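Okay, structure first, notes after.
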Amino acid sequence: MRMSSLFVPTLKENPQEAEIASHSLMLRAGMIRQLSSGVYIFLPLGLRTLNKITKIVKEEMDRAGGQELLLPALHPGELWKETGRWEIYGPELIRLKDRRDRDFCLGPTHEEVITDLARREIRSYRQLPLLLYQIQTKFRDEIRPRFGVMRAREFIMKDLYSFDRDFEGLRVSYEKMYNAYCRVFSRCGLSYKIVLAESGVIGGEVSHEFLIPADSGEEKFLVCPACDFGTTQEEAKCPNCGDSLEEKRGIEVGHIFQLGTKYSESMKAYFVDKDGEEKPLIMGCYGIGIGRTMAAAIEACHDEKGIQWPLSISPYEVVIIPVNWRKAEQRKAAEEIYQELKKRDFEVVIDDREFSAGYKFSEADLIGFPLQVIVGEKMSQEGKIEIKVRQNNERWETKKEEVLTLLLKLKEELAPKV
């Protein structure tokens, strides 16, 4: 891709409406634009990262035995009334009526819809266990949308639902998802913390949150410095070792729940077990915020110049920056490197604009390309190309014919270890 063709409307100044780094940087780097309060357009660079996170999530859900489907975003109100959540959920539930005066809502979550599907289609224990997931747009009428896509009124989530014949089966499904979530966030190049959490309006006896530690995080959690225990609940002592817990802050990017029979009982989702008896399905649900993971990655990976993307979720892996596009030698060398990298399946951008070097360097840092290939005067004088690693701002010099070898080495080093 050529920067001259890429739709990246960057901003020099911090937008006044941005309260945290990720919101500011996503606007400044030309990744999102606000349509209305809590509703955002993802521009080409932002969508590339969103799609990369989605791909990682899908691969790990499939690896764990999940099957993808797509549930409607528009829900009949009668389903929510069956579980009592039509009243309980409160004003965050966006309610509407159709032309026949029937109640509907825009789904903030899909427990009712998936349970309705299960009670109509699952008849026997022979169909269990079953893991069904979707990646879908959700809606919540936040009282105060803030922090960009972190707390929006419209957002993209992955939600998977497990169906088992007993609680031992639920334990197995829950462990599969727990491990799959660890792989998802590791593959995204993120450090994360897993903590015991309250289930809230979703329900169930056991739940865990996956948090990205960040000072800007809205979620307070307690962690033991002596062992790996963490919780969102106000406990004074760690049950594992008895030490006092320290308060930290983080961003919730994933939440998993052992629902048990909360929805299957209220909606009469039964199956016939081995003994011929009708029993309620044992359920779990497991959510990942796709856009929120993107924002959390920026909160965890940025400096005063801009974003420092983990390689696996960066919009592009490499940017080639000819310092002076008008100089034929620099232009020729940059084009040759660009074509070679494309042949080797690098995700690469060449900055072919006739802008000052300083402007192009600033934009490259702002956008956060993990690897920057700088073709400047050293190319003309010494035949040398400079390579900068955005993550740590480390710089390397190499001969033009050795650029590919060095980039392959650096790419391997930057790849997440899973």
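The values are calculated or read from the model by the stated rules, or taken from the named source; none is laboratory data. Predicted, not measured: the structure shown is a model, and the values here were computed from it. No Cβ is skipped: glycine too gets one built from the backbone with ideal geometry, and neighbour counts run over all protein chains shown. To get the accessible areas, we keep the full protein, side chains included, count just its heavy atoms, and leave off ligands, DNA and RNA. Shrake-Rupley method; radii C 1.70, N 1.55, O 1.52, S 1.80 Å.
Can you tell which of 82, 92, 154 is in contact (Cβ under 8 Å) with a residue 24 or more places away in the chain, surrounded by fewer than 18 Cβ atoms within 10 Å (Cβ to Cβ), charged (D, E, K, R) and within 30 Å of residue 16 (Cβ to Cβ)? Lay out the reasoning, then the answer.
Values: 82 fails: within 30 Å of residue 16 (Cβ to Cβ); 154 fails: surrounded by fewer than 18 Cβ atoms within 10 Å (Cβ to Cβ).
When all the criteria are applied, what remains is 92.
Filter the range 52-65 down to the residues that are in contact with a helix residue (DSSP H, G or I) (Cβ under 9 Å, 6 or more places away or on another chain) and either aliphatic (A, V, I, L, M) or under 21 Å from residue 190 (Cβ atoms) (or both) and list them by number. Step through it out loud before you land on a result.
Taking the range 52-65 as the starting set, the residues that turn out to be in contact with a helix residue (DSSP H, G or I) (Cβ under 9 Å, 6 or more places away or on another chain) are 52-54, 56-57, 59-61, 63-65.
Hits for the range 52-65 are 52, 53, 54, 56, 57, 59, 60, 61, 63, 64.
Between a first residue in the range 1-29 that is among the β-branched types (Val, Ile, Thr) and a second residue that is open to solvent by less than 80 Å² (accessible area, probe 1.4 Å) and part of a loop (DSSP other than H, G, I, E, B), which pairs have beta carbons less than 8 Å apart while being 6 or more apart in sequence or on different chains?
Matching pairs, first to second residue: 8/29; 8/30; 8/43; 10/29; 10/30; 20/147; 20/216.
Just to verify a result, which residue in the range 374-414, among those that are among the small types (Gly, Ala, Ser) and in contact with a strand residue (DSSP E or B) (Cβ under 8 Å, 6 or more places away or on another chain), is modelled with the lowest pLDDT?
Ranking the candidates gives 383 first.
So, residue 385, is that one buried (at least 21 other Cβ atoms within 10 Å of the Cβ), over 20 Å from residue 302 (Cβ atoms) and touching a Ser or Thr at 6+ places or on another chain (Cβ under 7 Å) or not? It would help to see each step written out before you state the result.
Numbers: buried (at least 21 other Cβ atoms within 10 Å of the Cβ): yes; over 20 Å from residue 302 (Cβ atoms): yes; touching a Ser or Thr at 6+ places or on another chain (Cβ under 7 Å): yes.
Spelling it out, residue 385 is indeed buried (at least 21 other Cβ atoms within 10 Å of the Cβ), over 20 Å from residue 302 (Cβ atoms) and touching a Ser or Thr at 6+ places or on another chain (Cβ under 7 Å).
Going through the range 173-187 one residue at a time, which ones are open to solvent by 10 Å² or more (accessible area, probe 1.4 Å) and in contact with a Ser or Thr (Cβ under 9 Å, 6 or more places away or on another chain)?
Here is the first cut: in the range 173-187, the ones open to solvent by 10 Å² or more (accessible area, probe 1.4 Å) are 174-176, 178-179, 182-183, 186-187.
Once the filter is applied, which keeps residues that are open to solvent by 10 Å² or more (accessible area, probe 1.4 Å) and in contact with a Ser or Thr (Cβ under 9 Å, 6 or more places away or on another chain), the range 173-187 yields 174, 176, 187.
For the structure I just gave you, tell me whether residue 122 is open to solvent by less than 10 Å² (accessible area, probe 1.4 Å) and more than 26 Å from residue 54 (Cα to Cα).
Details: open to solvent by less than 10 Å² (accessible area, probe 1.4 Å): yes; more than 26 Å from residue 54 (Cα to Cα): yes.
Against the criterion (open to solvent by less than 10 Å² (accessible area, probe 1.4 Å) and more than 26 Å from residue 54 (Cα to Cα)), residue 122 qualifies.
All but one of (1) open to solvent by 70 Å² or more (accessible area, probe 1.4 Å); (2) of a type in the set (Val, Ile, Thr); (3) in contact (Cβ under 8 Å) with a residue 60 or more places away in the chain hold for residue 405, so report the exception by its number.
That leaves (3) as the condition not met.
Take residue 69 and decide whether it is within 21 Å of the chain's Cα centre (by Cα) and open to solvent by 30 Å² or more (accessible area, probe 1.4 Å).
On the way: within 21 Å of the chain's Cα centre (by Cα): yes; open to solvent by 30 Å² or more (accessible area, probe 1.4 Å): yes.
So residue 69 passes the test.
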